[in-house]
Amino acid sequence: MAKFEGYKDIYVFVEQKNGNIANVGYELISEARKLVKQIPHMNFEVVGVLLGHHIASKANDVIAHGADKVIVVDHELLENYSTQFYTDALTQVINAFKPDSFLTGATVLGRDLAPRVAARLNAGLTADATKIEMDPEKEDEALLLVTRPTFGGNLFGTIICPDTRPQMATIRPNVFSMDPVDPAHEGEVIVFNPSFDDTEAKVVVKEIIEKVVEGIDITKSDILVGAGRGAEDCLDIVEAVAEELGGAMCASRAVVDDGFADKAIQVGQTGKTVRPSLYIACGISGACQHVAGMEKSDMIIAINRDPQAEIFNIANIGIIGDVKEILPLLKEEIKNVKAA
Ligand SMILES: Cc1cc2nc3c(=O)[nH]c(=O)nc-3n(C[C@H](O)[C@H](O)[C@H](O)COP(=O)(O)OP(=O)(O)OC[C@H]3O[C@@H](n4cnc5c(N)ncnc54)[C@H](O)[C@@H]3O)c2cc1C
């Protein structure tokens, strides 16, 4: 008899707001597809879980992004995020369908929801993971090896949940890539109706005031020019290069701590995780806490005057020199290429 009788498949919480699905749900579905392919003998599927109100029409998008099934929980009490009702609904979904593992984005919502659900189910949860693998040594179960930074990002710990199901994890947005949409991909939509005890509601949403986001969201920018402490006294030229490339400037924590940049553009373990096509690191040493937030960029160009700088270990192209000399040349060259 299998160790965890009845538990099956990898489930992904598909976060949405006002009907707009956050990319992290699709990123996790793409990663879950890779994981199930590693264990064909287990016959696992990828299942998306969509909670909200008037969101049933979004189920096909989730299937087109790779889910084999989508469980839709559509209820007026789920229109806006509520810790209580989302926890109630998700716990009931998990009790009813028995997922072997359950992945959630490490967003503000996911970080609130996943631990509560895990506590209700007495399940293990690994928070803020950066890597998920299938244990190749286990043949009769799908044991996840979930890696996350620890001790201030100086070490990585791999955590297993061998005794309980589902194995739960939250993963930051942009850690995994998103597979292309396949409108021909077919899947099943299952409607689940939870029961709520709304007489016990403790928090009532009276009004939602949308946060006004100022400046550019660096996680959405396809080209980033990162300023480190070595570029603190020439941030104007870093910004100008970013602008010339049609991208945005971001910064290391040193630059933020020194008061030269806003925390909103900090990249790294305690900042944002980014995955642009091009990341130009200017005067950034390459500390592991910074690298954790940008190492998945497609192309990394590093400019640093220290040939031993750690950043060169992960750069595709390294330029040894002074940013104040190189960046103006780079800007001119980009201009010339654009004009040609
Ligand atoms: C718990 C914890 C969380 C953290 N989270 C983050 C995080 O999210 N993001 C993050 O970035 N850091 C984070 N850090 C800090 C991290 O450890 C480093 O201290 C930080 O990334 C260093 O930033 P830096 O590379 O810009 O500065 P420095 O380490 O000071 O490096 C500056 C670099 O610039 C080069 N340089 C100097 N002048 C020039 C010049 N004129 N031309 C070219 N090169 C030059 C130097 O050779 C050097 O390599 C965290 C640390 C801890 C303990």
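Structure values in brief
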read-out	value
Among residues of the range 231-248, those that are surrounded by fewer than 24 Cβ atoms within 10 Å (Cβ to Cβ) and either within 13 Å of the ligand (Cβ to nearest atom) or not hydrophobic (A, V, I, L, M, F, W, C) (or both), counted	11
Qualifying residues in the range 292-309 (those that are closer than 21 Å to Arg172 by Cβ and acidic (Asp, Glu)) - the one farthest from the ligand (Cβ to nearest atom)	Asp298
Flag for Gly48 being touching a strand residue (DSSP E or B) at 6+ places or on another chain (Cβ under 7 Å), open to solvent by less than 30 Å² (accessible area, probe 1.4 Å), of a type outside the set (A, V, I, L, M, F, W, C) and outside any strand (DSSP E or B)	no
Phe151 vs. criteria more than 17 Å from the chain's Cα centre (by Cα) and open to solvent by 50 Å² or more (accessible area, probe 1.4 Å)	yes
Unmet criterion (only one of (1) within 11 Å of the ligand (Cβ to nearest atom); (2) open to solvent by less than 20 Å² (accessible area, probe 1.4 Å)) for Gln289	(2)
Residues of the range 158-200 satisfying the condition of being farther than 29 Å from Phe85 by Cβ, within 23 Å of the chain's Cα centre (by Cα) and open to solvent by less than 50 Å² (accessible area, probe 1.4 Å)	Ser177
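The values are calculated or read from the model by the stated rules, or taken from the named source; none is laboratory data. Computed from a predicted structure; not experimentally measured. Because the Cβ atoms are built from the backbone with ideal geometry, glycine has one as well, and the counts that use them run over all protein chains shown. Side chains included, ligands, DNA and RNA excluded: accessible areas come from the protein's heavy atoms. Shrake-Rupley method; radii C 1.70, N 1.55, O 1.52, S 1.80 Å.
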